[in-house]
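Beneath this line is the structure, given in structure tokens, with notes to follow.
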Amino acid sequence: MKRRAGEREKELKKKKLLEELGEGKLPYLTPADADFHHLRKTRYSKLIFRKSDSVPAELHQVVQEGFLTLQKHDCFFQDLVRIKGKDFFTPVSRILIGKPGCTYKYLNTRLFTVPWPTEGCEIKYCSPQIHDACKALIKLNDYLHIEAVKALQGQNLLDTKDTTVIDREQNFATSLIEKGSFSKDQSSCYVPEDDYTNLNNRTSYNLTLLNYMDPLQMPYLKQEPYFEMGNMAVSWHHDENLVERSTVAVYSYSCEGSSAEEATDWNLKGRNPAVWHVGLKVAWDIETPGLAIPLHQGDLYLMLDDLNMTHQHCVLAGFSPRLSSTHRVADCSRGTLEYIFGQCELALQNLQTDSNSTALSLKSLETAVIKQMEEIHNEVEFEWLRQFWFQGKRYLKCTDWWLKPMAKLEEFWRKMELMTSLVLQEVRKKEQTEEQRNETISCLLLVLTERQRLRNEWAARCQSEAAESLLEEQKPECHPFRTNEESNMPLPFDLEEVIVHLQN
């Protein structure tokens, strides 16, 4: 509900802005304009740009080899995202790589990390080359972490008045730089959780969303609506699902030297349409000119502090193919395996086995306990299992790491299905008072009606024309829960009949 309200608010703001503009267009500047650097310093000071020659050559080499390895192994996929109740393919193909068990959610789609090599975690990759590509992204992650620390220090954006803490943070950054930890494993960047909390919360990237697009293979790209900047690969947006005021770091790799590095018919007062750019603007502002900054092979940029909240950015397509790695401090408070397993354990605390038999029963029929149990049931099914299987077998291109935890979640879900049936059995019994029964029924109706609505929605998404157009290995699993012949746990029962019965 909150997400839908946010989408409506965004649409209203966009409509109002376009109405205010009328037939006019907002001005924007590129580095070729005389006022560009002054504008960037005054209104876009929290954007840090680094040209490729400032990045170590050895890092460029391993990262770019990693990009090309993932592309060669067909590891990039267009996401079938949900916007305003409709499914759309993203123009950009993506893969999420990061800490094992982490996820990242955007546009109602939960992506699951291909885990990068992590000490103490057994990860079986499909090939040594994919292992090396994931390891290269840890090196890039460490390097960008150092750059973010230095940038925050340089702008005094650490948000603390404790000079002792600042000194510790500066010493930490210096030690990382001296160690050259961008060429080491992620473990070399570990800082105790109790130390430098402010710094770590905003710079310790836990995942990277990799993007790939070849504009010449796209039949249609949206035109930028406010400034006439040209073709957009990614529309204006704020990045979602991030730790508040955390830095976003982006490494860009455009495959230059192809047909179209130079265009002969571009407007000298605007951007070169052959070259990829990042566009920035102050959110919902028609007074401040925007920026369009060219992105060449190996360039990187950082969005510091609250820039992602106060400003919007887009990606403007060039003519050549481009890959990028966008490193984020994702808000994983509700997006890790550790979290969802903990939720399952919490729900299953209400299930007990009779000591004299194998019969199962519920420990409590208190409304608050039932409500919590059924809400966790919905979360497991719709935020995890259906999200995962809707994406087909894409993750097997890199690793089978997610299959075991998904099987475990599936078993938890089966037990929660049984718990729902046990609640329904209790509701039918006469031992409950009328008041208790009505309270339980009211609680169940809300949760089960939502469950039925979501099951219908996911079934329709799996059978949509867009989903049917996918390659066989990418098609959604229409029924994400595989039959387990050894299990006597029930599969989903028909909720419509139950709901009608409860309403009567």
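We did not get these values from a lab; they are worked out from the coordinates using the rules stated. Predicted model only: the values in this text are computed from it and were never measured. With ideal geometry, Cβ positions are generated from the backbone for all residues, glycine too; neighbour counts draw on all protein chains shown.
Brief remarks on what is shown
- The stretch 18-107: C-alpha pair distances exceeding 17 Å, %: 75
- Each label point was placed 7 Å from the Cα along the Cα-to-Cβ direction; for residue 367 and residue 108 their separation is 3.1 nm.
- Overall Cα dimensions of the stretch 275-356, principal axis frame, Å, largest first: 74, 33, 19
- Put simply, the amide H of residue 230, placed in the peptide plane, has neighbours under 5 Å in 224, leaving out anything fewer than 5 places away on its chain.
- In this simple spin-label approximation, residue 433 and residue 360 carry label points 7 Å from Cα along the Cα→Cβ vector, and these lie 3.0 nm apart.
- Geometric descriptor of the stretch 356-448, per residue, is 110 Å³ (volume of the convex hull of the Cα atoms).
- Cross-link pairs 72/99; 84/415; 371/475; 72/135 - those with Cα-Cα distance over 26 Å: 84/415; 371/475
- Theoretical FRET efficiency, 1/(1+(r/R0)^6), r = Cβ-Cβ of residue 17 and residue 466, R0 35 Å, to 0.05: 0.75
- Computed on the stretch 276-425, the Cα convex hull volume stands at 195 Å³ per residue.
- Over all pairs of different C-alpha atoms, the stretch 31-70 has a mean inverse distance whose reciprocal, the Kirkwood radius, equals 12.6 Å.
- Short-range pairs are left out: with C-alpha atoms under 8 Å and at least six residues apart, the relative contact order of the stretch 73-157 is 18 percent.
- Annotation: extensible slack from residue 74 through residue 285 equals 71.9 nm (criterion: 0.36 nm per residue apart, minus Cα-Cα distance).
- The shape of the stretch 93-137 comes out prolate: with a ≥ b ≥ c from the C-alpha gyration tensor, a/c is at least 1.5 and a/b beats b/c.
- Measuring between their Cα centroids, the stretch 377-418 and the stretch 306-375 lie 12 Å from each other.
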